[in-house]
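Structure first, then comments.
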Amino acid sequence: MMERAPTSFVEACYHQVWNTDDEAAAREILTEDFRFGGSLSPEKRGQDSFIKYMCSVRAALGDYQCVIYDLIQTEGRVDARMTSTGIHRAPFF
């Protein structure tokens, strides 16, 4: 896993993983105990669970992109205020 500040980690996750659909980057950036609170599903834990979720979202939404407006860091947590865009082309889940 790459060493980085928590906010930098979140930015990398969205820019390098979500926006490019890069599973290899996800495995490099995310730890096995990674937890993700997606807006469309219950919390995901671990690389494989997250990657499966990411692939299902990107399959349903063509040209999917995330734009981060704010990052808020507290002890042990980073939250992002952002917009996600895409073209609905298939059913979700």
Fill in the blank from the handout: Among Leu61, Leu30, Leu40, the single one that is within 19 Å of Ala90 (Cα to Cα), at pLDDT below 90 and not small (Gly, Ala, Ser) is Leu40
Practice task
Quick one: which residue in Ala80, Ala12, Ala59 is of a type in the set (Gly, Ala, Ser) and touching a residue at least 60 places away in the same chain (Cβ under 8 Å)?
Solution key: Ala80
Practice task
Take Leu71 and decide whether it is in contact (Cβ under 8 Å) with a residue 24 or more places away in the chain and touching a His at 6+ places or on another chain (Cβ under 7 Å).
Solution key: no
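Specify the residue that is surrounded by the most Cβ atoms within 10 Å (Cβ to Cβ); the eligible residues are those in region 54-91 that are basic (Lys, Arg) and touching a Gly at 6+ places or on another chain (Cβ under 9 Å). Let's see the steps before the verdict.
At the first step, the residues of region 54-91 found to be basic (Lys, Arg) are 58, 77, 81, 89.
Filter once more, so that each one left must be touching a Gly at 6+ places or on another chain (Cβ under 9 Å): 58, 89.
Values: Arg58: 16, Arg89: 10.
The selected residue is Arg58.
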Exercise for the section: Name, by its number, the condition in (1) touching a residue at least 24 places away in the same chain (Cβ under 8 Å); (2) on the phi < 0 side of the Ramachandran plot that does not hold for Gly37. Expected result: (1)
Problem - Hits in region 35-66 (condition: closer than 18 Å to Met82 by Cβ, more than 11 Å from the chain's Cα centre (by Cα) and assigned to a loop (DSSP other than H, G, I, E, B)) - result: Leu40, Ser41, Glu43
Practice task
Provide a single number: the residues in region 17-34 that are within 12 Å of the chain's Cα centre (by Cα) and among the small types (Gly, Ala, Ser).
Solution key: 2
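So that you can scan it fast, the table gives a plain yes or no per residue for (1) surrounded by 13 or more Cβ atoms within 10 Å (Cβ to Cβ); (2) in contact (Cβ under 8 Å) with a residue 24 or more places away in the chain; (3) aliphatic (A, V, I, L, M):
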| site | (1), (2), (3) |
| --- | --- |
| Ala5 | no, no, yes |
| Ser8 | yes, no, no |
| Gln16 | yes, no, no |
| Ala26 | yes, yes, yes |
| Leu30 | yes, yes, yes |
| Glu43 | no, no, no |
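Which one of Phe36, Phe92 is touching a Ser or Thr at 6+ places or on another chain (Cβ under 9 Å) and within 17 Å of Arg4 (Cβ to Cβ)? If you could, list the steps in order and put the result at the bottom.
On the way: Phe92 fails: within 17 Å of Arg4 (Cβ to Cβ).
Selected residue: Phe36, the only one of Phe36, Phe92 that is touching a Ser or Thr at 6+ places or on another chain (Cβ under 9 Å) and within 17 Å of Arg4 (Cβ to Cβ).
The values are calculated or read from the model by the stated rules, or taken from the named source; none is laboratory data. Predicted, not measured: the structure shown is a model, and the values here were computed from it. No Cβ is skipped: glycine too gets one built from the backbone with ideal geometry, and neighbour counts run over all protein chains shown.
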